[in-house]
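K.L.:
Have a look at this one.
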Amino acid sequence: MRIKPLQLSLLLGPCLVLTVLLLIVPLLIVALMSLTDWQFGAGTWNWVGLGNYLDLWNDPTFRKSFANTVYYLVIVSVCSIAVGLGVALLIESHESLRGFYRTAFFMPVASTLIAMAVVWQFLMHATVGFLNNVLSWFGIGPQNWLNDYDLALPS
């Protein structure tokens, strides 16, 4: 089935309008505001051009923070890609140990989720849960957070 230009414009139109209104226009407004000395709540503003950016770049704290961010970005991205690629190649290279490697590298993800579930069960336990103890300080009776039909989903 071939989509006609009119159909395409009807399908893309709302997306493009929302993109312009919610992304492009605010981006342009903020870019223009950054070229002024306007303070939030103040009614007046003066055009300063790139002065704000020059002030920012001349601040040694900003330069140090910027350098740290770039350094961190390069190290983390390069190491993440290298380690991920190495692990993937290791898993795929040994067919006999593939199941072991997949399990070994997935276990930290699974164990984190299990640990979080245990902690939440402790916090929301119907009789000895921390949340019910806090509510008892305010004279509110214990709630069955995880087994009550009305409370389980919001909990």
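The values are calculated or read from the model by the stated rules, or taken from the named source; none is laboratory data. Treat the numbers as computed from the prediction; the structure is a model and nothing was measured. A quick note on method: Cβ atoms are made from the backbone with ideal geometry, for glycine too, and the neighbour counts reach across all protein chains shown. Calculation scope for accessible area: heavy atoms of the full protein, side chains included, ligands and nucleic acids excluded. Shrake-Rupley method; radii C 1.70, N 1.55, O 1.52, S 1.80 Å.
K.L.:
Please note which helices (runs of 4 or more DSSP H) are completely contained in the stretch 2-92 and include at least 2 residues that are of a type in the set (S, T, N, Q), farther than 30 Å from residue 104 by Cβ and modelled with pLDDT of 90 or more.
P.N.:
Qualifying helices (runs of 4 or more DSSP H): 51-58.
K.L.:
Within the stretch 96-118, restricting attention to residues that are open to solvent by 80 Å² or more (accessible area, probe 1.4 Å) and either among the aliphatic types (A, V, I, L, M) or in contact with a Lys or Arg (Cβ under 7 Å, 6 or more places away or on another chain) (or both), which residue is farthest from residue 84 (Cα to Cα)?
P.N.:
118
K.L.:
Moving to a separate point now. Taking the criterion of being under 26 Å from the mean Cα position of the chain (by Cα) and assigned to a helix (DSSP H, G or I), would at least one residue in the stretch 134-147 satisfy it?
P.N.:
no
K.L.:
Let me ask something additional. Got a sec? Which of 73, 131 is of a type in the set (A, V, I, L, M, F, W, C) and touching a residue at least 12 places away in the same chain (Cβ under 8 Å)?
P.N.:
131
K.L.:
Check whether at least one residue in the stretch 125-132 is part of a loop (DSSP other than H, G, I, E, B) and open to solvent by less than 80 Å² (accessible area, probe 1.4 Å), and report yes or no.
P.N.:
Yes: the stretch 125-132 contains one or more residues that are part of a loop (DSSP other than H, G, I, E, B) and open to solvent by less than 80 Å² (accessible area, probe 1.4 Å).
K.L.:
How many of the residues in the stretch 1-46 are out of contact with any strand residue (DSSP E or B) (no Cβ under 7 Å at 6 or more places or on another chain) and among the aromatic types (Phe, Trp, Tyr)?
P.N.:
Of the residues in that region, 2 qualify.
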